[in-house]
1. Which of the lysines could a cross-linker span from residue 66 if the Cα-Cα distance has to be under 21 Å and same-chain partners fewer than 8 positions apart are dropped?
2. For residue 58 and residue 100, calculate 0.36 nm times their separation in residues minus their Cα-Cα distance, and state this gained length in nm to one decimal.
3. Taking 0.36 nm per residue of sequence separation and subtracting the Cα-Cα distance, how much length would be gained by fully extending the chain between residue 50 and residue 91, in nm to one decimal?
4. Arranged by the count of other C-beta atoms within 10 angstrom, fewest first, what order do 145, 80, 56 take?
5. What does the convex hull of the Cα atoms come to per residue for the chain, in Å³?
6. To make sure I understand, if each residue's beta carbon is the centre and we count other beta carbons within 10 Å, what order do 35, 105 fall in, fewest to most?
7. FRET efficiency for residue 10 and residue 146, Cβ-Cβ distance as r, R0 = 25 Å, nearest 0.05?
8. Please give me, ordered by residue number, the GluC sites (Glu not before Pro) of region 41-96 that lie in loop per DSSP and have at most 16 other Cβ atoms within 10 Å.
Amino acid sequence: MIEAPASVTELSLIRQLKFCAGHRLYQHESKCAFFHGHNYRVDIEVMGRNGGTEVDSVGRIVDFSKIKERMLGWLDENWDHAFLLFKEDANALAAIQMVQPTKYFVMPSNPTAENMARYLLEVVAPLVLDDLGVVARRVIVWETDESCAVASLIGEPVDLGRAILSAVRVDHR
Ligand SMILES: [Zn+2]
């Protein structure tokens, strides 16, 4: 008799989220150094904290609406209709502070799709999803219809949550 192989199935969910934001890439050698914006799309993939095929009594890892509520809630508040700027980009920060009203978000790294995906995976997702019993495994940031960057969790989820030091600045002078 042939023994059935151990289950290799693992379940995850993907939720799409959309927002609009401006940015510029500090020290970019070409046109991305100018102030401009994108209609961003984020695909976030989540799995149960213990992985595998664990679902609730209804058969869900987590309800899709919870992912939307938490992640889009954070995006709306922090990045939507804001300018994302690198903390070392003093010139752009000075400029955005002159606009009234203004909304900007200071990034620890240049606001490329790669760094944005990483920030959402490592900082934001652990912060807003933690009590739902799920972890984000992958975040894809689509900057255009053709171009995206992917940040993936390698190996076991670790405690990635880091404090966001009120990085969003909304100034309604
Ligand atoms: Zn851009």
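1. 18
2. Details: separation 42, 0.36 × 42 = 15.12 nm, distance 4.85 nm.
Difference between extended and current length: 10.3 nm.
3. Working: separation 41, 0.36 × 41 = 14.76 nm, distance 4.51 nm.
Contour length minus the Cα-Cα distance gives 10.2 nm.
4. On the way: 145 8, 80 16, 56 11.
Ordered by Cβ neighbours within 10 Å, fewest first: 145, 56, 80.
5. Details: hull volume 25.2 nm³, N = 173.
About 146 Å³ per residue, rounded to a whole number.
6. Numbers: 35 12, 105 21.
The most exposed by this proxy come first: 35, 105.
7. Values: r = 29 Å, r/R0 = 1.17.
After rounding, the FRET efficiency stands at 0.30.
8. Details: sites: 45, 54, 69, 77, 88; in loops: 54, 88.
Loop-located and lightly packed - 54, 88.
No value in this document is a laboratory result; all are computed from the given coordinates. Here the structure is a predicted model, which means the values were calculated and not measured. Note that we place each Cβ from the backbone using ideal geometry, even for glycine, and neighbour counts take in every protein chain shown.
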